[in-house]
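Enquirer: Pasting in a structure now, in structure tokens, and then I'll have a few things to ask.
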Amino acid sequence: MRLCFVVLIALQAALASSAAAQQENFIFRGKPSEYEDYGYAVRGAAWRFPGDAERVLVVCWENPTPANEQARRWVQDQITKTWQRHTALEFRGWQACAARNKGIRIRFNDEGPHVRKFGRLLDGVSNGMILNHTFRNWGASCQSNLEACVRSIAAHEFGHALGFAHEQNRPDTPGECSRKHGQGQTRETMLTPYDPQSIMNYCNPDYNNHGELSALDIKAAQKLYGAP
């Protein structure tokens with residue numbers, strides 16, 4: 001029992017210590033006028049669903065191969081257990097992208113995971129989200145705990161895909177949190193109090209909150225997309 005505890009603590013420490021290297025390379029090319037305020041969400045980036053329409057988001061893979069099949073299963077399962085479980089959203093598809101596929105288009109590549117735009121502005125954008133499943137060139141420490149990294153990073157990036165910004169960028173972030181990264185973000189609004197456990201917070205001592213949504217993450221997501 002003591003050995004298991006020591007191993008668990010060592011794993012958590014390794015993930016936390018590599019958090020800076022694991023931060024996504026955020027690429028943002030939108031204009032400030034494209035956004036409206038939302039906990040910590042980008043203004044105008046929430047997906048919109050007319051009337052009583054189902055709140056369905058299509059997800060597809062740009063380059064599905066046998067080599068990334070297991071990683072694709074981990075990603076789908078983690079998003080189903082987090083953002084879908086706690087909101088009225090349903091993520092469908094999870095197949096190879098068509099030439100003009102709408103929704104969230106994901107490519108696997110051995111580089112820093114990132115999204116090209118926030119929320120609904122990602123709709124139909126080719127290679128709109130980049131995820132990593134090998135971690136040979138980027139984030140090599142993840143090779144020792146591949147599944148955990150794939151799952152937690154995917155859950156974090158889907159937070160961006162739903163319109164959420166980095167929690168540590170909030171104006172009420174405590175001074176002891178030194179990892180402030182603007183990364184092109186321009187106008188955001190706080191839906192909840194500052195959340196040190198947020199999956200979107202680089203200052204969370206648990207890397208990407210182990211791929212799970214915090215209580216305040218859930219509250220903010222439900223404000224935008226409704227409860228299940």
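Enquirer: Assuming R0 = 22 Å, what is the FRET efficiency of E54 and A215, from their Cβ-Cβ distance, to the nearest 0.05? Mind showing how you got there, number by number?
Expert: Values: r = 26 Å, r/R0 = 1.19.
Efficiency, rounded to the nearest 0.05: 0.25.
Enquirer: FRET efficiency for A99 and D123, Cβ-Cβ distance as r, R0 = 25 Å, nearest 0.05?
Expert: Details: r = 15 Å, r/R0 = 0.61.
Efficiency for this residue pair is about 0.95.
Enquirer: Taking amide hydrogens as modeled 1.01 Å from N in the peptide plane, which residues meet the under 5 Å criterion relative to L57, leaving out close sequence neighbours?
Expert: For L57, the qualifying residues are E90, F91, R92.
Enquirer: Between N137 and E69, what FRET efficiency comes out of the Förster formula 1/(1 + (r/R0)^6) with R0 = 22 Å and r the beta carbon distance, rounded to 0.05? Show your work: numbers first, answer last.
Expert: Numbers: r = 21 Å, r/R0 = 0.95.
The pair E69/N137 has a calculated efficiency of 0.60.
Bear in mind these aren't lab numbers, they're just calculated from the coordinates by the rules spelled out. Not measured: the values here are computed from a predicted model. Methodologically, a virtual Cβ is constructed for each residue, glycine included, from the backbone with ideal geometry; neighbour enumeration extends over all protein chains shown.
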